[in-house]
Amino acid sequence: MKRMGRRLALLAAAAAVLAALGTVPLAAPGPEGQADRFVGFHVAFGARQTPYDDGSWTEYGSQTLDTGRFGALSFPRSVLFGVYDAERGRYDFPGLEGRNCFLYQSVEENGDLVNSSSVELAHPNMAYKSTDQGEEETISGTVYFRAGEEERFVTLYRVYQTEDGRLYLDGSGNSYGGAGGMTVTEHWQQSVTENGETHSTSFSVEVSLQAVQPLQTVTVTQYGGSDEPLAACVLDGSRAEESISLLPQTQWVLVAERDEDGGVKRTVYDLAPEGGPLMHTAWFLDEAGLGRPVFLTIGVQAEGRV
């Protein structure tokens, strides 16, 4: 509580200065975090609230308010360090549940630095481009979130990596609500000049936001050559993976995704004579209101089917 009281006192002093001087820019973190790089987002859905006082946040470096002719005012910077869960192979941010979308550097056993990704969003994509001027890397994904929530928002918390490899967020980032239908892009770039040549490293992260009605069921129906229904399987999304066997006479398959408002999205799959299993992903919503994939494998070998 003493640390929180001191921070609040400093913030109150900063607010008093700002009230007297008007709006001033917030400078980059102080020396302890000055070389840290932006690596992506931690995505959460809920009230826009950063739990500074839950005991998980740590003072790391400082932030400086540039007041112009009246000088600079510094105060401690609180950050939430990520904790790596080896069993699940992901980073958690204690007290702030969400999905990760970042590209960071990890150290292999031989000491080499390698790029590692953690993109837990829908439709993940990574791109790499090398030019004479440097390297460009981009990661992207889509956030599906529950529609019609007036008091809950998708917040993209910025994630940074320290020089010694630790990941953290500092509570900065923007919140979005409504119907979505937008893409948020943030960019980081670093340039180094040696012997008159400039080499740059750039990184971009793109997150598309889309509000959806929660799925209630997914129905997979098999049809024969005369378009007669042969069998149907109704899935409630309780399992992350589903395998569906096809009857020998099945010629095509209809996947119908029904949401809570009664809307239905239909996808038709024709079966190739020598094709392998079909893959379909349905996006249900988890308890937090964010998209959760259910992977369907359609076309598992059934008895009598060639």
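I'd like the Karplus ³J(HN,Hα) series for region 198-215: coefficients 6.51, -1.76, 1.60, θ = phi - 60°, whole numbers in Hz, and an x wherever there's a Gly or Pro.
9, 10, 10, 10, 10, 9, 10, 10, 10, 10, 8, 10, 9, 7, 9, 7, x, 6
Quick one: compute the contact order of region 215-300, relative version, from alpha carbon pairs under 8 angstrom and 6+ residues apart, as a percent. Provide the component values of the computation, followed by the final result.
Working: 174 pairs, mean separation 27.4, N = 86.
Normalised by residue count, the contact order of region 215-300 is 32 percent.
Report the net charge of residues surrounding Val212, where surrounding means a beta-carbon distance below 11 angstrom and charges are Lys +1, Arg +1, Asp -1, Glu -1. Numbers along the way, then the final one.
Numbers: positive: Arg146, Lys265; negative: Glu257, Asp259, Glu260, Asp261.
Surrounding charge for Val212 is -2.
Would you please state the base-10 log of I(q)/I(0) at q = 0.11 1/Å for region 215-300, with intensities from the Debye formula using one equal scatterer on every alpha carbon?
Result of the Debye calculation: -0.30.
Return the FRET efficiency for the residue pair Glu87, Ser116: r is the Cβ-Cβ distance, R0 is 22 Å, and the value is rounded to the nearest 0.05. Can you show the working numbers first?
Numbers: r = 17 Å, r/R0 = 0.76.
Result of the calculation: an efficiency of 0.85.
Rank-order 220-227, 82-89 by packing density, defined as the average count of other C-beta atoms within 10 Å over each peptide's residues, highest first. Please report the intermediate quantities before stating the final value.
Numbers: 220-227: 14.6, 82-89: 10.8.
Result, highest mean first: 220-227, 82-89.
At a 10 angstrom cut-off on C-beta neighbours, averaged per residue, how do the peptides 250-259, 190-199, 172-181, 126-135 rank from highest to lowest?
On the way: 250-259: 17.7, 190-199: 9.0, 172-181: 14.7, 126-135: 10.9.
Most protected by this proxy first, the peptides run 250-259, 172-181, 126-135, 190-199.
Less than 12 Å Cβ to Cβ from Arg258, Lys/Arg counted +1 and Asp/Glu -1: what total charge do the surrounding residues give? Don't skip to the answer; put the middle values down first.
Working: positive: Lys265, Arg266; negative: Asp236, Glu257, Asp259, Glu260, Asp261.
Residues close to Arg258 contribute a combined charge of -3.
Any read-out appearing in this document is the output of simple, stated calculations on the displayed coordinates, not a laboratory observation. These figures come from a predicted structure and were not determined experimentally. Cβ atoms come from the backbone with ideal geometry, glycine included; neighbour counts cover every protein chain shown.
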